[in-house]
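Asks: I have a structure I would like to understand better, so I am pasting it below and will then ask my questions one at a time.
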Amino acid sequence: MQEDKYRQFHIDFELTNNINSAWRISDILRGRSTSIYQLIGLLGYKYLSENVKNNKDDIGYELNEELYYENLLINKGNVIDTLKEGIEQITQNNDNVQAADVFYDLFSFIDFETFNKNDAWLSLIDATENLCSETIATIGEIIIFLTKYTSSTGGPQSGGLKPTEDIIKLITANQKDVKNIYDPFVDEATLLAEIGNVTNVENYYGQHPNLENCALAKMTLLANNVNYKNIFIKCHDITEPINWNVKFDLCVSIPPFGRRLKFNGQEDIRFKPYTPRKSEFAYLLDMYYNLDDDGTIKMIVPNGVLFSSPDKKIIKYLVDNELISSIIGLPGGLFDITSIPTSMLMINKESTEDGVYYLNLLGAKTKKELQRKVVSILDIDEYINLISNKSEQKLISKIATIGDIRENEYNLAINRYVDLEELKVFDIEKTVSNINEIKMELKQIDEGLNEKLGGLFK
């Protein structure tokens with residue numbers, strides 16, 4: 001685990017330097033945050049070219065040798081035509097239904113209208129090569145880095161929050177192999193891909209209302225060595241149900257906070273008998289409906305969800321049926337586009353029967369990550385050990401019984417169950433004695449001042 005930490009640090013350091021270098025030397029990149037997505041497209045094309053050369057298995061697409069990425073470096077006068085022809089071959093020439101579903105719109109975020117000059121693509125290719133140089137990162141890791149980098153530098157926002165290494169560690173603590181993982185707001189699939197990079201995951205499911213996000217999600221998973229047969233990403237919104245024809249043993253999400261949704265909750269089987277008022281509960285109930293009997297939900301929510309009055313019936317149902325396994329309070333600054341306090345909810349399909357395990361990291365020491373707006377939690381591995389064993393520790397963690405939560409009228413706020421600071425015990429007699437001594441000293445000072453002042457008027 002320590003080696004993984006140092007490896008990630010080196011990757012972040014190398015790629016930050018490389019992207020800043022590419023930014024400085026390329027006029028086409030300067031001031032255009034959308035150019036990040038063109039870089040991701042080129043990186044994806046580079047990965048698919050290398051994959052078709054080195055992989056004899058069923059990879060779901062074909063690419064002629066004269067259209068490989070390396071030819072973009074050689075035939076510099078005809079880059080756009082070569083790239084367009086290669087993309088068409090990858091995305092259009094497929095009779096396999098599953099492959100067509102993955103590859104058909106894979107490059108839909110490539111913008112040939114804005115970036116319509118050959119020189120522009122030469123600059124983008126130079127930047128891509130610069131980004132890939134002198135780094136131990138894989139192409140998949142570079143794409144994940146770019147997705148997060150775009151978010152933290154004010155690039156196009158999709159509403160989703162990007163997972164940090166600490167979030168991935170908390171989600172995957174004690175996590176068994178996963179057959180089917182699902183994210184109802186998949187964004188660019190960085191959350192799914194990073195979980196898959198540290199845990200054995202077979203099939204990846206997700207949805208997002210934006211087509212380009214879905215294309216980016218598929219590209220992210222492919223570049224992180226997920227076979228097309230195991231990718232099921234749909235352009236769809238949470239407002240309507242999907243018949244996935246499968247149940248999920250792990251559901252994860254960092255949905256957009258406070259999103260306004262319009263749906264007919266009374267007619268939606270996912271939300272019966274409780275129609276959610278907050279969007280976070282809509283995502284939660286969607287995951288719960290699609291969860292396997294022994295499955296788990298792990299999602300990030302704003303702390304206000306823990307005591308949401310409009311959705312008190314949903315909270316009551318989860319508590320009374322002993323479905324909430326753990327609640328982890330997270331420190332501020334973990335996410336780049338919001339600083340509001342957040343928590344991680346862990347919910348099971350079956351009863352936990354041992355109360356709710358609270359882990360309070362609100363006051364955990366943090367440090368700012370390298371050239372990014374987010375922070376990381378110091379001593380995260382120690383906290384992981386606590387939650388793995390559900391150990392109780394003063395001022396940090398505690399198991400709250402269902403009775404405790406009922407006494408608090410189903411308020412799940414962390415400060416109701418874990419003391420955030422230690423109360424000092426005062427010695428009343430000693431305090432009164434000290435006050436009396438202070439009064440005597442003040443009286444003596446007043447008498448002395450009166451004598452001196454009286455002397456001035458004689």
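Asks: Among the residues of the stretch 189-221, write down those that are crowded, with 22+ Cβ neighbours inside 10 Å, more than 17 Å from residue 283 (Cα to Cα) and either touching a Pro at 6+ places or on another chain (Cβ under 7 Å) or of a type in the set (D, E, K, R) (or both).
Replies: 190, 194, 218
Asks: If the Cβ limit is 7 Å and pairs must be 6+ apart or interchain, which residue in the stretch 275-289 that is on the phi < 0 side of the Ramachandran plot and part of a loop (DSSP other than H, G, I, E, B) pairs with which residue that is surrounded by 20 or more Cβ atoms within 10 Å (Cβ to Cβ) and of a type in the set (D, E, K, R)?
Replies: 276/311; 277/311; 278/311
Asks: Next question. Only residues in the stretch 381-406 that are touching a residue at least 12 places away in the same chain (Cβ under 8 Å) and assigned to a helix (DSSP H, G or I) count as the first member; pair them with residues that are of a type in the set (Ser, Thr, Tyr) and surrounded by 13 or more Cβ atoms within 10 Å (Cβ to Cβ), Cβ under 6 angstrom, at least 6 apart or cross-chain, and list the lot.
Replies: Sorted first by the residue in the stretch 381-406, then by its partner, the pairs are 386/397.
Asks: What tally of residues in the stretch 310-350 results from selecting those that are free of Cβ contacts under 8 Å to residues at least 60 places away in the same chain, under 18 Å from residue 276 (Cα atoms) and not in a loop (DSSP other than H, G, I, E, B)?
Replies: 4
Asks: Would you confirm whether or not the stretch 392-403 contains a residue that is over 26 Å from residue 280 (Cβ atoms), modelled with pLDDT of 75 or more and surrounded by 13 or more Cβ atoms within 10 Å (Cβ to Cβ)?
Replies: Checked against the condition, which is being over 26 Å from residue 280 (Cβ atoms), modelled with pLDDT of 75 or more and surrounded by 13 or more Cβ atoms within 10 Å (Cβ to Cβ), the stretch 392-403 yields at least one hit.
Asks: May I pose another question? Here is a list of conditions, (1) over 26 Å from residue 232 (Cα atoms); (2) surrounded by 17 or more Cβ atoms within 10 Å (Cβ to Cβ), and residue 73 meets all of them except one; can you say which number that is?
Replies: (2)
Asks: Next question, about the same structure. Which one of 238, 242 is under 20 Å from the mean Cα position of the chain (by Cα), among the β-branched types (Val, Ile, Thr), over 16 Å from residue 348 (Cα atoms) and in a loop (DSSP other than H, G, I, E, B)?
Replies: 238
Asks: For the stretch 284-337, give me the residue count where each residue is under 17 Å from residue 180 (Cβ atoms) and under 23 Å from the mean Cα position of the chain (by Cα).
Replies: 12
The values are calculated or read from the model by the stated rules, or taken from the named source; none is laboratory data. All values derive from a computational prediction rather than experimental measurement. When we count neighbours, we look across all protein chains shown, and the Cβ atoms used for this are built from the backbone with ideal geometry, even at glycine.
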